[in-house]
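What follows is one structure encoded as structure tokens, with my remarks underneath.
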Amino acid sequence: MDSSQFTAEPSSTFMVDVIIAGCGPTGAMLAAELRLHGVRVLVLEKETEPVSFVRIVGLHIRSLELMAMRGLLDRILEHGRQRPAAGFFAAISKPAPKGLDSAHAYLVGIPQPVIVQLLEDHAIQLGAQVRRGCAVADFEQDDEGVTVKLADGEQLRARYLVGCDGGRSTVRKLLGVGFPGEPSRTETLMGEMEVGVPQGEIAATVTEISKTHRPFWLRPFGKGVYSVVVPAAGISDRSEPPTLKDFQQQLRTIAGTDFGVHSPRWLSRFGDATRLAERYRVGRVLLAGDAAHIHPPIGGQGLNLGVQDAFNLGWKLAGQIRGWAPEPLLDTYQAERHPVAEDVLDNTRAQMELLSDEPGPQAVRRLLTELMDFDEVNRYLIEKIAAIDIRYDFGAGPDLLGRRLRDVDVKQGNLYDQLHRGRGLVLDRTERLTVEGWSDRVDLVSDPTAALDVPAILLRPDGYVAWIGEHQQDLDDHLARWFGRPLTDGPSMPS
């Protein structure tokens, strides 16, 4: 960042607490999470209108659980289409493993503009401000906050700035954070369109061709609409968006027929570029979503990874601003989420290799296809894609420590219903524990009948188990670790 372009005078007067660059799913979700804690949020979106193309995106199990924790799942299900949690890894068709440990063990396909609008409306209803047609041009940070300069010359002031502005993130570039990885080597065409031949004919042809051609598929999305993926080889002009004729040409080249495709909903081209930001935080500026990591869309993990970044960061940044966060809490955002992104990038690299037409990758694909007939292998890969295998390092303890907890029945209804406010929660089966001193940021549910095989747990606002035990002093120590000093130590002051 060239700070000589403008100078910001440090000031104790702030327009907002947090400016978020980008109002995609990650930015909108982060804004909502911050608003649950009373943080003043302004979201800047460079586009003047919401995205118009109707691309279907998938919400995996962990994202669906998080939406349930905030009371959003019913709204999403009204607009989405459920399908089994199967066939994600490298598009290898295997049934969903039995007994996945979730009340939401399915995928929801939903139009991208719809999920973005739902999350933006949710943030606005909670009090976030969204300004469209506003692009970040520069910023300067000091010990008190960040001054953001917009493309039209306007300057804004906030305590923190978060770049949720996509893979070509202006915030990341201005921040000077490295974005190492691999550039795109191969490109693929993807779109949704109607077809002109019977489904049975398509299925038989695709099954045969997909044995030797990767990536290639036509998958029904209901009402005669198909998701179509074909290699982009031979479509030379990368600077131009693909056309229906490009898809027809590629289909005829590979399959000998274009299946009568017509009336496209959206068409796009993607590469296999894979990159990960070296740092997620520099001072008062942070990165989340595609601004922090990019990878091919195989497995459908991108949107989910970004939304889960927002859930991890939101309560921590709010705690920093509200003044109760322990000193290292905000740094745990990178410590926890950077390795998760590394794992996603690695599994997408592996999946892309398995889509290659070369003999070696095809042999590995055939072997993996056989191995996935073993339930343990199939389950392992699905849990990885669905992000329910994550275990954060919270220190020594039972296997459940650092993992997400599935929704369980409690006497008040469902556990996830108790997390709508985005606060911590102690689920106590002993009926002896208290959260006195932390009741402004942690809730207590005492229920000896709760479907839990341990005496008590402490759940963070993002639904991960931060403590397991039964003794009050031990609980108090862990409450202080994650939620700072008790209220009796004095009032919280913004930082």
| task | Please work out if Pro97 is in contact with a helix residue (DSSP H, G or I) (Cβ under 8 Å, 6 or more places away or on another chain), assigned to a loop (DSSP other than H, G, I, E, B), farther than 23 Å from His293 by Cβ and open to solvent by 40 Å² or more (accessible area, probe 1.4 Å). | result | no
For Val230, the lone unmet condition from (1) in a strand (DSSP E or B); (2) under 22 Å from the mean Cα position of the chain (by Cα) is (2)
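So how many residues does segment 18-36 have that are of a type outside the set (Val, Ile, Thr), assigned to a helix (DSSP H, G or I) and crowded, with 24+ Cβ neighbours inside 10 Å?
The total comes to 9.
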Of the conditions (1) closer than 18 Å to Trp315 by Cβ; (2) open to solvent by 60 Å² or more (accessible area, probe 1.4 Å), the single one that Arg423 does not satisfy is (2)
Item to complete: Tell me, please, whether a residue that is in a helix (DSSP H, G or I) and in contact with a strand residue (DSSP E or B) (Cβ under 9 Å, 6 or more places away or on another chain) can be found in segment 396-416.
Response: yes
Q) Looking at segment 274-296, is at least one residue exposed (fewer than 15 other Cβ atoms within 10 Å of the Cβ) and at pLDDT below 95? A) no
Within segment 240-265, the count of residues that are among the charged types (D, E, K, R), at pLDDT below 90 and touching a strand residue (DSSP E or B) at 6+ places or on another chain (Cβ under 8 Å) comes to 1
Checked Val108, Val116, Val148 against criteria (over 20 Å from the mean Cα position of the chain (by Cα), outside any loop (DSSP other than H, G, I, E, B) and crowded, with 19+ Cβ neighbours inside 10 Å); the one match is Val148
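Among the residues of segment 158-172, which ones are assigned to a loop (DSSP other than H, G, I, E, B) and open to solvent by less than 10 Å² (accessible area, probe 1.4 Å)?
Across segment 158-172, the qualifying residue is only Ser169.
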Condition set β-branched (Val, Ile, Thr) and in a loop (DSSP other than H, G, I, E, B), scope segment 370-390, selection surrounded by the fewest Cβ atoms within 10 Å (Cβ to Cβ): answer is Ile390
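Only residues that are of a type in the set (A, V, I, L, M) and modelled with pLDDT under 90: list them for segment 16-57, please.
Narrowing segment 16-57 to residues of a type in the set (A, V, I, L, M): 16, 18-21, 28-32, 34, 36, 39, 41-44, 51, 54, 56-57.
Scanning segment 16-57 gives Val51, Val54, Ile56, Val57.
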Can you find a residue that is over 18 Å from Trp315 (Cβ atoms) and assigned to a loop (DSSP other than H, G, I, E, B) anywhere in segment 468-485? yes
For Gly99, indicate whether it is modelled with pLDDT under 95 and under 23 Å from Glu49 (Cα atoms).
no
From the option list Gly196, Gly127, single residue qualifying as assigned to a loop (DSSP other than H, G, I, E, B), in contact with a His (Cβ under 9 Å, 6 or more places away or on another chain) and open to solvent by 30 Å² or more (accessible area, probe 1.4 Å) is Gly196
A careful count of residues in segment 52-85 that are within 12 Å of the chain's Cα centre (by Cα), among the small types (Gly, Ala, Ser) and part of a helix (DSSP H, G or I) gives 1
Residue pairs within 6 Å by beta carbon, gap of at least six or interchain, first lying in segment 367-393 and closer than 27 Å to Asp407 by Cβ and without any contact (Cβ under 8 Å) to a residue 60 or more places away in the chain, second open to solvent by less than 50 Å² (accessible area, probe 1.4 Å) and among the small types (Gly, Ala, Ser), listed first then second, are Arg391/Gly402
When every residue in segment 438-463 that is in a loop (DSSP other than H, G, I, E, B), open to solvent by less than 10 Å² (accessible area, probe 1.4 Å) and not charged (D, E, K, R) is compared, the one farthest from Pro486 (Cα to Cα) is Ala450
_under 30 Å from Leu287 (Cα atoms), β-branched (Val, Ile, Thr) and in contact with a Pro (Cβ under 8 Å, 6 or more places away or on another chain): is that true of Thr170 in this structure?_
no
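Here is a check on your reading of the model: is Leu156 over 30 Å from Ala363 (Cα atoms) and out of contact with any Gly (no Cβ under 9 Å at 6 or more places or on another chain)?
Spelling it out, Leu156 is indeed over 30 Å from Ala363 (Cα atoms) and out of contact with any Gly (no Cβ under 9 Å at 6 or more places or on another chain).
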By residue number, the members of segment 314-352 that are closer than 13 Å to Trp482 by Cα, open to solvent by less than 10 Å² (accessible area, probe 1.4 Å) and in contact with a helix residue (DSSP H, G or I) (Cβ under 6 Å, 6 or more places away or on another chain) are Lys316, Ala318, Leu329, Leu330, Tyr333
Considering residues that are surrounded by fewer than 18 Cβ atoms within 10 Å (Cβ to Cβ) and of a type in the set (A, V, I, L, M), the number found within segment 207-224 is 1
Quick count over segment 434-482, residues being under 30 Å from the mean Cα position of the chain (by Cα), over 22 Å from Glu65 (Cα atoms) and without any contact (Cβ under 8 Å) to a residue 40 or more places away in the chain, is 1
Across (1) farther than 30 Å from Val16 by Cα; (2) open to solvent by less than 10 Å² (accessible area, probe 1.4 Å), Ile56 clears everything bar (2)
Picked from segment 394-413 (must be more than 19 Å from Leu475 (Cβ to Cβ) and without any contact (Cβ under 8 Å) to a residue 40 or more places away in the chain), the residue most open to solvent (accessible area, probe 1.4 Å) is Lys411
- Task: May I ask you to verify whether Pro231 is farther than 25 Å from Leu345 by Cα, surrounded by fewer than 22 Cβ atoms within 10 Å (Cβ to Cβ) and not hydroxyl-bearing (Ser, Thr, Tyr)?
- Result: no
(message) Would you confirm whether or not segment 325-334 contains a residue that is touching a residue at least 40 places away in the same chain (Cβ under 8 Å), outside any helix (DSSP H, G or I) and acidic (Asp, Glu)?
(response) yes
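The values are calculated or read from the model by the stated rules, or taken from the named source; none is laboratory data. Predicted model, so just to flag it, every value in this text is computed and none were measured. Note: ideal-geometry Cβ built from the backbone for every residue, glycine included; neighbour counts use all protein chains shown. Heavy atoms of the whole protein, side chains included, go into the accessibility calculation; ligands, DNA and RNA do not. Shrake-Rupley method; radii C 1.70, N 1.55, O 1.52, S 1.80 Å.
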